[in-house]
1. Tally time: how many residues in segment 14-28 are outside any helix (DSSP H, G or I) and either touching a residue at least 24 places away in the same chain (Cβ under 8 Å) or more than 19 Å from I80 (Cα to Cα) (or both)?
2. Test of understanding: among L103, L145, which residue is closer than 15 Å to V65 by Cβ, in contact (Cβ under 8 Å) with a residue 12 or more places away in the chain and assigned to a helix (DSSP H, G or I)?
3. Scan A113, A137, A109 and give me the residue that is over 30 Å from N32 (Cα atoms) and hydrophobic (A, V, I, L, M, F, W, C).
4. Scan segment 42-87 for residues that are farther than 17 Å from A137 by Cβ, more than 15 Å from the chain's Cα centre (by Cα) and either surrounded by fewer than 18 Cβ atoms within 10 Å (Cβ to Cβ) or not hydrophobic (A, V, I, L, M, F, W, C) (or both) and jot them down.
5. Please tell me if A63 is aliphatic (A, V, I, L, M) and touching a Gly at 6+ places or on another chain (Cβ under 9 Å).
6. Report yes if A11 is of a type in the set (A, V, I, L, M, F, W, C), in a helix (DSSP H, G or I), at pLDDT below 95 and closer than 29 Å to R127 by Cβ, otherwise no.
7. Examine segment 120-138 for a residue that is at positive phi, in a loop (DSSP other than H, G, I, E, B) and without any contact (Cβ under 8 Å) to a residue 24 or more places away in the chain, and state whether such a residue exists.
8. Quick check on segment 104-117. Is at least one of its residues polar (S, T, N, Q), surrounded by 16 or more Cβ atoms within 10 Å (Cβ to Cβ) and in contact with a Leu (Cβ under 6 Å, 6 or more places away or on another chain)?
Amino acid sequence: MEHEAAGILGALERSAWGDIVRGSPLLYPVANTLHVVAVLAFFACVAAMDFRLLGWLRGESAAGVIARLRPFAVAALVMILATGFILFSPEATAIIGNPAFRLKLVAIAAAIANVAWLERRYGALLRGDAMAVPSGARAAALASLGLWLLAAACGRFIAYL
């Protein structure tokens, strides 16, 4: 399995797409800048939703805050994935072996699993107009903040490990 993955990543790196990214004087730096901006926008949305679940921003129900911000968070996440692919492509085989990148992937997977659990366990309640938030949802919000911050920090460490 690992050998097959290395072959796929090597093929991506040597592909016409990898050549385009490596050969363009603007594509990589623009993608990098957009990646950072998208991460900031995404985290701002996630933090506001999580802060509401933690009991801050009490002027509006959790459902209202989530309904208003989730579409922006999803759009930012799509931009993160698209620009991340651009950044990953020209050096896929080196990046996949980077411990910071691997930890970043684990943090992202855990953060997404946390959101899925929150939705499954408390989704109906959080779509209502109740102002109170259960303690389990507050714990998930705290985990969310930590996991997304860890993912962002690992992203910065990739260049240094």
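1. Going through segment 14-28 one residue at a time, the tally reaches 3.
2. L145
3. Only one candidate passes the filter, namely A137.
4. Passing the criteria: G59, R68.
5. When the stated conditions are applied, A63 passes them.
6. When the stated conditions are applied, A11 does not pass them.
7. no
8. No, because not a single residue in segment 104-117 is polar (S, T, N, Q), surrounded by 16 or more Cβ atoms within 10 Å (Cβ to Cβ) and in contact with a Leu (Cβ under 6 Å, 6 or more places away or on another chain).
The values are calculated or read from the model by the stated rules, or taken from the named source; none is laboratory data. From a predicted model like this one, the values you see are computed outputs, not experimental measurements. Please note: Cβ atoms are built from the backbone with ideal geometry, for glycine as well, and neighbour counts cover all protein chains shown.
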